[in-house]
């Protein structure tokens with residue numbers, strides 16, 4: 001069997017080069033995007049430099065020219081997830097709804113990436129660009145609401161912790177679908193002694209209520225209302 005003749009005017013050895021796709025050069029952007037894909041499909045526990053290297057068709061050692069450590073990679077992945085969160089210019093007339101909207105979007109950004117909220121709980125001080133953009137926007141909104149500097153600073157910390165903690169909790173229960181979990185808890189409450197736990201057994205339905213984002217919204221309302229009370233009257 002004879003091989004196909006080379007294209008007219010092309011050296012024969014060029015044909016193999018044309019059929020072999022050219023590998024894209026490594027970059028920090030490609031590494032972080034690959035890492036986020038791994039989190040989305042396999043979860044945070046699967047994320048490692050070696051696994052990212054496999055995803056990109058290279059060895060883990062080659063990644064270190066662009067990312068210093070796995071810890072840095074996790075921070076960059078988290079920052080990439082925050083990149084698409086919409087930020088608004090602070091409006092004193094509607095600052096409470098603005099801060100709630102921003103926290104809702106932040107929580108949704110975490111929940112849309114499997115259990116990435118684990119990383120957010122650990123990285124509780126914003127040090128990467130998009131995380132700092134969010135903190136800057138939150139501070140601007142709280143200050144527009146009339147809160148003094150220290151109250152706004154404590155408020156950003158409190159609201160951030162609440163958002164990441166609830167996202168983390170939801171991610172451990174199937175990304176927010178908690179019906180099966182709450183049913184198991186409710187059934188368990190039915191088996192405990194009522195004489196020892198009269199409040200828990202009598203309030204089992206209320207304690208295990210799971211209706212959309214109702215629980216998250218309840219906490220959000222309480223926290224923002226509490227912060228609003230710290231603003232001077234007429235602010």
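Contact order for the chain, expressed relative to its length and based on alpha carbon pairs under 8 Å spaced 6+ residues apart, stands at 18 percent. Among 104, 184, 50, the largest mean-square fluctuation in a Gaussian network model of the chain, built with springs joining Cα atoms closer than 10 Å, belongs to 184. Of the two radii for the stretch 74-116, the radius of gyration is 1.06 times the Kirkwood radius, both from the alpha carbons; that is the Rg over Rh value.
With Cα atoms defining each centre, the stretch 215-235 and the stretch 133-205 are spaced 15 Å apart in the structure. Remark: spin-label model distance residue 180-residue 65 equals 4.5 nm, labels positioned 7 Å along the Cα→Cβ axis.
A Stokes-Einstein calculation at 10 °C with viscosity 1.306 mPa s, built on the Kirkwood radius of the stretch 42-125 over Cα pairs, returns a diffusion coefficient of 108 µm²/s. Note on the stretch 180-221: Kirkwood hydrodynamic radius from all Cα pairs is 11.2 Å, rounded to one decimal.
Please determine, in degrees from 0 to 90 and to the nearest 10, the orientation of helix 129-144 with respect to the longest principal axis defined by the Cα atoms of the chain, where the helix direction is its Cα long axis. Once rounded, one gets 30 degrees. Between the helical axis of 179-189 and the dominant principal axis of the chain, each derived from Cα atoms, what acute angle in degrees is found, rounded to the nearest 10? Roughly 40 degrees, rounded to the nearest 10. Beyond 22 Å, what percent of the Cα pairs of the chain remain? Percent of Cα pairs beyond 22 Å in the chain: 65. Using the alpha carbons alone, the radius of gyration of the stretch 122-235 stands to its Kirkwood radius in an Rg to Rh ratio of 1.10.
To the nearest ten degrees, helix 95-111 and the longest principal axis of the Cα atoms of the chain are 50 degrees apart.
Computed from the coordinates by the stated procedures, all read-outs in this text should not be read as laboratory data. Nothing here was measured: the structure is a model prediction, and the numbers come from that model. Because the Cβ atoms are built from the backbone with ideal geometry, glycine has one as well, and the counts that use them run over all protein chains shown.
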